[in-house]
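Here the structure comes first, spelled out in structure tokens, and everything after it is commentary.
The values are calculated or read from the model by the stated rules, or taken from the named source; none is laboratory data. Quick caveat, the model's predicted, so the values are computed rather than measured. A quick note on method: Cβ atoms are made from the backbone with ideal geometry, for glycine too, and the neighbour counts reach across all protein chains shown. Quick note on the areas: whole protein, heavy atoms, side chains included, nothing else; ligands and nucleic acids left out. Shrake-Rupley method; radii C 1.70, N 1.55, O 1.52, S 1.80 Å.
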Amino acid sequence: MLGYIIRRILAIFPVMAIVAIFVFLLLRLTPGDPAAIIAGDSATPAQLERIRESLGLAEPLHAQFVTWMGQLLQGDLGTSIISNQPVTRLIGQRIWPTLQIGTLTIILSVLIAVPLGVLAAWRHRTWVDYAVMTFSVLGFSIPVFVIGYIFIKIFAIDMRLVPVQGYMAPLQDPQGFFIRAILPCLTLATIYVALIARMTRASLLEVLGEDYVRTARAKGVKEHIVLFRHALRNAAVPIMTMIGTGFALLISGVVVTESVFNIPGIGRLTVDAILARDYPVIQAMILLTSAIYVFVNLIIDLSYSLFDPRIRY
């Protein structure tokens, strides 16, 4: 196990190096000039050139890349060319709302989706199964911003149960945080409940057809023990993969939800950086997203052996 973990950690470095090279070239070779955004529409060519020189954008491409990689290897993600703040500080300020909303969403999704998937598999080809599958199809067919606006209309405007938008730090006001987090979490959970419920149902149906399940039923083992102790545990590997991948997607893909609900997370930070051509922030956000994917995949792979004793590393 230890050797496997070390090999996986060492494999992270070439992956991140490829991502870094790709991100750098992608940003530099696509149209757009940060100096023009900073200087405004009335800037003269001389002013634009001075801004480019001050930002280091007038240097040859290879020199810019060497400078950036040197900073990166020292743990320096650079300074935002728009706000003039260290990128690490910007990410540190914005990542907590995203992590809090993402974690609550995944917990809520698992609590709802796994029982729904088990119920659909247990009542296979009945109205219960069809109802769960219909909900699943609707869940990932409707765009997330549409679901968000529907929830705002029903729960915030018509029923006045929660605020329309906003964010409150949990340490500052725990009750205020949960009240404001309900709608964003429900909106995002709609998609992940649909995905996880479908995966749970499909995995469980496959396991329920195995001989050892039929043997357990023939011996008179109670149905809930067959479902939760024997079948669900052996069906857990693909479900865990879906949950882990969903969490990584959630952290990196909450752009729309954060915009709809006015949450100051890394999704909005990324959008603002892209609109302003803020190279250091965009590069850091893509590298961070890639690192989250790699780390989550490692955790998922290591968790397999907990659910399936046949898997050894």
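When each of the peptides 147-160, 177-190 is scored by the mean number of other C-beta atoms lying within 10 Å of its residues, the order from highest to lowest reads 177-190, 147-160.
Under the rule of -39500 (n - 2.57) per DSSP H run of 4 or more residues, summed and divided by the residues of the chain, what mean residue ellipticity at 222 nm is obtained, to the nearest 500 deg cm²/dmol?
Numbers: 13 runs with 222 residues, N = 313.
So the helix-based figure for the chain works out to -24000 deg cm²/dmol.
Of the trypsin sites (Lys or Arg not before Pro) in the stretch 44-145, the ones in a loop by DSSP (not H, G, I, E or B) with at most 13 other beta carbons within 10 Å are Arg125. Listed peptides 194-204, 231-241 appear in the order 194-204, 231-241 once ranked by packing, highest mean of other Cβ atoms within 10 Å at the front.
Which whole-number percent is the relative contact order of the chain (Cα, under 8 Å, 6+ apart)?
Once divided by the residue count of the chain, the mean separation gives 25 percent.
Given +1 at the Cβ of Lys and Arg, -1 at the Cβ of Asp and Glu and no other charges, the dipole of the chain around its Cα centre is 1220 debye to the nearest 20. Counting only protein heavy atoms and a probe of 1.4 Å, the accessible surface of the stretch 160-303 is 63% carbon and sulfur. For a test of the definition: using alpha carbon positions, the gyration tensor, and the 1.5 limit on a/c, classify the stretch 118-267 as rounded, prolate or oblate. Prolate.
What are the membrane-span-like helices in the chain by this rule: whole DSSP H runs, Cα extent along the axis at least 27 Å, mean Kyte-Doolittle hydropathy at least -1.0? It would help to have the intermediate numbers written out before the result.
Details: long enough: 2-29 (41 Å, 2.19); 87-122 (50 Å, 1.39); 174-208 (44 Å, 1.25); 279-307 (42 Å, 1.59).
Membrane-span-like by this rule: 2-29, 87-122, 174-208, 279-307.
Largest GNM mean-square fluctuation among Ile299, Ile263, Ile81, using the chain with Cα springs under 10 Å: Ile299.
GNM remark for the chain: springs join alpha carbons under 10 Å apart, and the peak mean-square fluctuation among Ile142, Ile82, Ile112 falls on Ile142. Taking amide H as placed 1.01 Å from N in the peptide plane, Thr79 has its amide H under 5 Å from the amide H of Val87, each at least 5 places away in sequence or on another chain.
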